[in-house]
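Okay, so here's the structure we're looking at.
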């Protein structure tokens, strides 16, 4: 089968996938995990460790179940129904969080905080169920050298909307807004949930053809789990990627604390959060341009190394701003905007090279298991934000930034040793063979 035959519905599916990703990017800007949620948590509790937990546990809820999801979805030849239904059930969680914050944020902050944490965990668990079929569907419907372009377009269009979201957030959280706390934060979650639901319709419009290799019955969770040590031992490039993946996650141990450092330590107003969102979205736009050009032209490995180096810049700038804050004066705010521009580039770029590497490395029938193993073991990174919170409590924010720089340097070294995707056996001996379709 030629590539043109295999991807006959490329243009239609590219529109649907990029459109859904656009709405998702716009929605998530309303409740940015690096700006809005940390400032909300500091209104509900004074514990930096809790800020880290709220940032880390939802990430774990997204990563931990993915190996089980991969083994479960392996038996289904069509992935779109799993993807669409899981999104339809999980995305309303943000609507419920918005109502809980609005009604209880001022009178019962403990309940509001619990609702925020539980609601996010449920959302990200549902999104975990969606993620494996999403990547598999992406690989089936979009040619390899056009995937960067499709996702880049989604980041650009979503970024343009996100800039407007940042302006809206700045107004909603400012003293001039008629919406006062806690409903200001509640409205942000309600807006995010509503826009996310629009993206579900785009998912249902995707045209999915059956896979070229019929998968047959699932090898079973027990066989999949038993095969993981052999898979990691025999597929050395993939094992190296797993270590790199985990170290990459620990670069982000400072992400939730930039906005708190700016508002609590440097005295910037909370409404500056909106400016930080817009700055981060500008970074996402730059990321989209980089993703659509660099990865398609130079490959996933070059892009991975570049983005890892970029990841060291935000903590380095934050460290310097903190040291020279008195001398910088109002220039500190401008430099902090630069931090969030770079952070936007990093956050919106760092995940794709890993998945792009796997999509090129693993065979189609084994791809969900590879992604599931990567994400499940990647759940170790949920410890990074609480670790950052503990360091902030014990040693201060400067120590958090230094630790982040250290992890970035280590990760960059690991990427330099990572081989190109495709350095593997025709069928990985670490996985149980898929049953024949004959």
> Based on the Kirkwood radius over alpha-carbon pairs, what value in µm²/s does the Stokes-Einstein equation return for the translational diffusion coefficient of segment 107-233 at 37 °C and 0.692 mPa s?
Replying inline: 172
> What is the helix-to-structure angle for 300-311, meaning the angle in degrees between its Cα long axis and the longest Cα principal axis of the chain, kept from 0 to 90 and rounded to the nearest 10?
Replying inline: 10
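Run lengths n ≥ 4 of DSSP H only: what is the helix-derived mean residue ellipticity at 222 nm for the chain, with -39500 (n - 2.57) per run over all residues, to the nearest 500?
That comes out to -24000 deg cm²/dmol.
Please quote Rg/Rh for segment 266-395 to two decimal places, taking the Kirkwood radius as Rh and restricting both calculations to Cα atoms.
1.05
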> What is segment 329-410 by shape, rounded, prolate or oblate, if you read a ≥ b ≥ c off the alpha carbon gyration tensor as root eigenvalues and call it rounded for a/c under 1.5, prolate for a/b larger than b/c, and oblate otherwise?
Replying inline: oblate
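Relative contact order for the chain: what is it in percent, counting Cα pairs under 8 Å that are at least 6 residues apart? The partial results should precede the final answer.
Values: 752 pairs, mean separation 129.1, N = 438.
Relative contact order comes out at 29 percent.
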> If you count, for each residue, the other Cβ atoms within 10 Å and average over each peptide, how do 184-193, 411-420, 241-250 line up from highest to lowest?
Replying inline: 184-193, 241-250, 411-420
>> Relative contact order for segment 309-348: what percent, with Cα pairs under 8 Å and sequence separation of 6 or more?
In response: 59
> Picking from 345, 323, 82, which is most flexible by a Gaussian network model of the chain using Cα springs under 10 Å?
Replying inline: 323
>> Taking Cα Rg over 2.2 N^0.38 Å straight from the coordinates, which label in [x] 1.39; [y] 1.06; [z] 0.96 is the correct one?
In response: [z]
>> What is the angle, in °, between the Cα long axis of helix 384-395 and the longest principal axis of the Cα atoms in the chain? Nearest 10 is fine, range 0 to 90.
In response: 30
> Any idea what angle helix 93-104 forms with the longest principal axis of the chain, computed on alpha-carbon atoms, 0 to 90 degrees, nearest 10?
Replying inline: 20
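Read-outs: derived from the displayed coordinates by stated rules, not from any lab. Everything numeric here is computed off the predicted structure, so don't read it as measured data. So basically every Cβ, Gly included, is an ideal-geometry build from the backbone, and we count neighbours across all protein chains shown.
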